[in-house]
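Shown next, in structure tokens, is the structure this report addresses.
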Amino acid sequence: MFGIDVRQKAWSAGLIVLFFVAWELFCLMTGMSDLVLPRPSQVFVTLFQRFPVLWPHIVQTLATTMFGFVLGVALGVALGAIIGVSRTAYDTCYPLLIGFSSIPKVAVVPIFVLWFGSGTVPAVLTALSICFFPIVVNIATGLATTEPELEDVLKALGASKFDILWNVGLPRTMPFFFASLKVAISYAFVGAVLSETVASNRGIGNVMMTASSNFNVPLVFAGLFVLAGLGVALYAVFSLIEGRVTGWATRKNDVIAT
């Protein structure tokens with residue numbers, strides 16, 4: 001199993017390296033202008049040179065994203081649990097959630113700015129509003145898909161609704177929950193950076209907008225690389241936690257390997 005994981009990581013790393021090499025060669029062979037598509041080597045040099053300046057903005061974006069993400073998880077779990085165990089709540093709340101999730105969040109940012117002013121709060125609220133929906137859906141799905149036959153058997157054995165929820169519903173929901181976390185953290189980054197480009201004077205989104213207005217395209221791409229790296233790192237963290245907590249629900253590759 002360890003050998004399989006190493007090979008998979010090696011293939012992933014090799015594919016990333018191949019992508020950057022192809023990108024570099026394409027820019028060199030076509031003479032592509034830096035104002036259109038900078039070479040990866042230029043982007044990494046810019047990232048290295050500007051890192052002391054970028055660091056406070058990276059911390060700002062990461063803190064804003066995580067704060068909005070934590071609030072979104074708390075709200076999503078609470079609302080998803082209510083919807084998952086109550087048919088009335090499902091019929092009442094789900095259409096409202098669908099309608100809210102269908103609103104482009106870029107249209108909500110000006111409202112947050114109007115209410116709270118520019119700065120951190122609109123970014124946190126945008127991250128929250130864009131990341132909590134997948135958590136609600138997955139939590140509600142995990143709780144609502146408990147087999148009625150299993151519930152009937154447990155009730156016949158004297159289990160209360162809380163016992164069924166705690167001992168059956170909660171474990172069944174864990175794979176859904178961690179799957180939603182990996183999606184939600186990416187959405188939270190999108191929301192935070194979206195708000196920073198519109199209504200903040202700090203953060204990677206603001207840096208990218210300022211660099212774009214100054215035609216500093218390598219710095220714009222450096223910001224994209226930072227966001228991609230943060231997103232991949234947090235995705236890997238949640239994947240690791242998911243494997244520890246819900247390993248029983250993960251299909252193993254042992255049979256395939258043999």
query = Measuring from centroid to centroid over Cα atoms, what is the spacing of the range 5-47 and the range 119-140 in Å?
reply = 32 Å
key: Dipole moment magnitude, nearest 20 debye, the range 39-247 about Cα centre, only Lys, Arg, Asp, Glu C-beta charged   = 620 debye
query = Could you give the nm distance between label points at Ser118 and Ser101, where each point is 7 Å from its Cα heading toward the beta carbon?
reply = 3.3 nm
message = Normalised radius of gyration for the range 39-247, please: alpha carbon Rg relative to 2.2 N^0.38 Å, two decimal places.
response = 1.22
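No value in this document is a laboratory result; all are computed from the given coordinates. Model, not experiment: these values are computed from the prediction. A quick note on method: Cβ atoms are made from the backbone with ideal geometry, for glycine too, and the neighbour counts reach across all protein chains shown.
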